[in-house]
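Coordinate-derived values only; no laboratory data. The shown structure was predicted, so the numbers you read here are calculated from the model rather than taken from an experiment. Neighbour counts are summed over all protein chains in view; Cβ atoms, including those assigned to glycine, are modelled from backbone coordinates with ideal geometry.
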Amino acid sequence: MSIVDAQERVRETPTDAVSRGGGRTRVPTAPAGRARPERRRPGTAALEDGFDLGGALLAGICVATLLFGWIAPLSGIIGWIVVAYIVFVAVYAVLVGLRADRLAVANRLATVLMATAGIVVLTALVFVVLYTVGRGIPALSHPNFFVETMRFAGPLDPLDVGGIAHAVVGTLIQIGIALAITVPLGIVTAVFLNEIGGPFARFVRTVSDAMTALPSIVAGLFVYAALITLVTKERSGFAAAVAITVMMLPIVIRSADVVLRLVPHHLREASYALGASRWRTVWTVVLPTSRSGLATAVILGTARGIGETSPVLLTSGVTAEMNTNPFSGPMISLPLQVFTFVQSPEPQMVARGFGTAAVLILLVLSLFVVARLIGGRGAGVLSDGQRRRATHRSRHDLIRITHRTRTDSPARSGGTTPTQENP
Amino acid sequence: MTDAVTEIIPPRETKTSTAPRRSLRSLPVFSDRVFRAVCFAAGGVTVAIMLAVGVFLSARGGQALASAGPSFLWVQEWNPRDGVPDSFGIAAVLFGTVTIAVIALLLSFPLAFGTALLISEILPNSVKRAMVTIVDLMAAVPSVVFGLWGVQYLQENAVPVAQWISSTFGWIPVFAVTGSDGASLTEASAFTSSAFIAGMVVALMVLPTQTSIMREAFSQAPIGEREGALALGSTRWGMIRTVVLPFGRGGIIGGTMLGLGRALGETIAVYMIISPIFTINWQVLKTGTNSVSALIALRYGESSEFGLSALMAAGLALFLITLVINFTASSIVARSRSGAESNG
């Protein structure tokens, strides 16, 4: 038997051998008259496990209620939950231990503890958001909240007077300025780190990594001391935008850097092999390939920047009026407006604070959703529309090239025409 | 097959040795030169901005530090006057910062650890993706929202818990709440605005960061070793203990430390909750604590020129601490990633 033959043999799958009628595999059949055993399904809970869990839960609830109502003069929903939970875990361990060994008990307990951690985290985080939005509804249900400013609204005025239009405009202007600086600078720097490299690029990367550790309040203090006390002498929207930029720039650079690193090397090498210059490669290969990732990086940076409160607290100043000029006069933004509202003891102002926080949350969450929609795919993975367009483009190129080889230079097309072989 | 020997063509020596060696240096075209220049300029501007922050902080903060001397580290009050060496120091605020961060970590670590394991090991794929999205999304919720929730909701609901801990475990000095005469306090007003409550809020804020880093580290534990453990008859928890946790150790430590870095720098939520004091308060359940960032937010407006540079010295100290923590953490995470591959 030659080597080639042996390789062929190895490559065929067992089913091929069976179908060719060699040594037929005998399928064992259950003898007649005996019921087929029920198919085992690993990974699903048996009925007894459910009883263990339910019984333990019931025991926990009962003991906690008993303790709280009759025996111990304790109070508070949190205490009740803690007692119920401890009893639940103990009873569950005993119940499982009745039928299984130590390892299985440890496995079950660990699973229950992990599930608890997950439930607590999920509940807490979702509760924070829902609580804020829920308490913001009284303010949000007045349409004037979105179109008026606080200019003529005092702390005691009802919710149908005044609004946060000035804070919305302020946020948009500040984040707009910050983005106008951050996006070009951040992305070009990330391109520099990835495409050019060298010792200076490593230095830039180290410095920008270090800057992600800068506490936001220190960034605000820097702008306050360097820009406001030394140069402009007054707080302004521009100063706030600079503070937000200092916070956002390292975030955008870092995430854009990660995205650009994911661009497959063979795409770059193919471009260089075709004789493209470095700039051509970046512009037509690297950036389009990582477009969705870069958009995500920018949007997530924006979400962070919009929510920054502490640098804005030091730099933008507080006002109740509309101010559209970032270079003069205080210009408030949404997070700072929340902070200012809830400093007041008046319930109306606190309600406005919750309303503003709800607007802020919805803004950030919608940015996040947009980022997810654009950036769910990795570098180079196309959506349906993009693939259709790319196919169309390459078909167009094919026609163009075929046309040219036929008419332009008959001498060059003397050999084979590869484009016609692969339509 | 073996008789097909590759024929080695001898190099034609006479010709190549005389010809000049071809240079392999790239010769950039005009557009490339512009591109390089623009890139270097962007990198330069970025570094300039960031170094400007560092240098400015150091220079202005150094002025206050030179005046205060080493007493900056152990003086507890904050009343900066130029030329008076013992007038200000970060002992109390730094202590408060660390207290809040430690409480936050103690609360968040078990939760983040359990959630990360739950997501990477137990949940089915569809639920897993939703959970990951929610956790990531929570990292984007502004800190002012957490602060608002802490002030308006948690404050009153956490006070009974604090009272209970204090009355049950009051014999441990950290949990005791005593007045100036040493008698233990029980009224609710002694328990509000404490480091404990601030720590709870900060714990929620660092949870998403910690969870996502740990989850990533856990999910990179090699599939070969996982299945090996299961095939040897291990339970799921046994597999996690012997495979996932050793491989994910770097992620656990690194994620916790990155959370610590965030917790130390957190400003607005802490500032909204605490009532600032300038003494070291060991009783974490008792009203009154402070943090470096809250100090800056509190005092920047009324500060003189010298007061500002004293605040910058405090900010610089905080920045250096978070810097060291972040770099250590990211090097730990990076190192744990490099070796975590299965051999089969």
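For the pair B:Asn125 and B:Ala66, the difference between a 0.36 nm per residue extended length and the Cα-Cα distance amounts to 15.4 nm. Taking every residue in B:128-141 and counting other chain Cβ atoms within 10 Å of its Cβ, the average works out to 5. Using 1/(1 + (r/R0)^6) with R0 = 56 angstrom and r between the beta carbons of A:Leu365 and B:Asp181, what's the FRET efficiency to the nearest 0.05? Computed FRET efficiency for A:Leu365 and B:Asp181 comes out at 0.65.
Helical runs assigned H by DSSP (4 residues or longer) give chain B a calculated mean residue ellipticity at 222 nm of -20500 deg cm²/dmol, each run adding -39500 (n - 2.57) before division by the residue total. Going by Cα centres, the range A:119-156 and the range A:157-176 are how many Å apart? So the separation of the two Cα centres works out to 13 Å.
A run of chain B free of exposed loop cleavage sites, with GluC sites (Glu not before Pro) counted only in DSSP states other than H, G, I, E and B and at most 10 other beta carbons within 10 Å, reaches its longest extent at B:8-186. Note on A:Thr229 and A:Glu321: with the Förster distance fixed at 35 Å, the Cβ-Cβ geometry gives a FRET efficiency of about 0.90. Using the alpha-carbon atoms, what tilt in degrees (0 to 90, nearest 10) does helix B:249-265 show relative to the longest principal axis of chain B? Once rounded, one gets 50 degrees. Between A:Thr29 and B:Ile223, what is the FRET efficiency for a Förster distance of 41 Å, r being their Cβ-Cβ separation, to the nearest 0.05? According to the calculation, E is roughly 0.70.
Name the residue from A:Leu267, A:Ser208, A:Phe192 whose Cα lies farthest towards the positive end of the charge dipole of the range A:165-379, charges +1 on Cβ of Lys and Arg and -1 on Cβ of Asp and Glu. Highest projection toward the positive end goes to A:Leu267. Across the range A:268-302, no residue has a backbone nitrogen under 14 Å from the label position 7 Å along the beta-carbon direction of A:Thr391. Per residue of B:46-56, other chain Cβ atoms within 10 Å of the residue Cβ number 6 on average.
Residues whose amide H lies under 5 Å from that of B:Phe88, counting only those 5 or more places away or on a different chain, are B:Asn79; hydrogens are built 1.01 Å from N in the peptide plane. Using every Cα-Cα pair within the range A:47-138, state what percent have a distance larger than 23 Å. Of the Cα pairs, 40 percent sit more than 23 Å apart. Placing unit charges on the Cβ atoms only, positive for Lys and Arg and negative for Asp and Glu, gives the protein assembly as shown a dipole magnitude near 3160 debye about its Cα centre. Subtracting the Cα-Cα distance of B:Arg21 and B:Val102 from their residue separation scaled by 0.36 nm leaves 22.7 nm.
Per-residue Karplus couplings for the range B:39-48, computed as 6.51 cos²θ - 1.76 cosθ + 1.60 with θ equal to phi - 60°, are listed in order as 4, 4, 4, 4, x, x, 4, 4, 4, 4 Hz, Gly and Pro entered as x.
Projected label points at A:Leu156 and A:Leu274, each 7 Å from Cα along the beta carbon direction, are separated by 7.4 nanometres. Coupling constants for the range B:307-322 follow from the phi torsions by the Karplus curve (6.51 cos²θ - 1.76 cosθ + 1.60, θ = phi - 60°), and in residue order they are x, 4, 6, 5, 4, 5, 4, 5, x, 5, 4, 4, 4, 4, 4, 5 Hz; glycine and proline get x.
Considering only A:Leu67, A:Val121, A:Ala56, and ranking their Cα positions along the charge dipole of the range A:47-138 that arises from unit charges at the beta-carbon of Lys, Arg, Asp and Glu, the one farthest toward the positive end is A:Val121. Label-to-label distance, B:Ala231 versus B:Ala37, with points set 7 angstrom from Cα along the beta-carbon direction: 6.2 nm.
Distance between the modelled labels on B:Arg241 and A:Ser141, one decimal in nanometres: 5.4 nm (7 Å Cα→Cβ projection). Over all other residues within a Cβ to Cβ distance under 15 Å of A:Ser271, the charged ones net out to 0, with Lys and Arg as +1 and Asp and Glu as -1. Fully extending the segment from B:Glu305 to B:Phe56, taken as 0.36 nm per residue of separation minus the present Cα-Cα distance, adds 88.2 nm.
Does the protein assembly as shown come out rounded, prolate or oblate, given a ≥ b ≥ c as the square roots of the eigenvalues of its C-alpha gyration tensor, rounded meaning a/c under 1.5 and, failing that, prolate meaning a/b above b/c? Oblate, because a/c is 1.5 or more while a/b does not exceed b/c.
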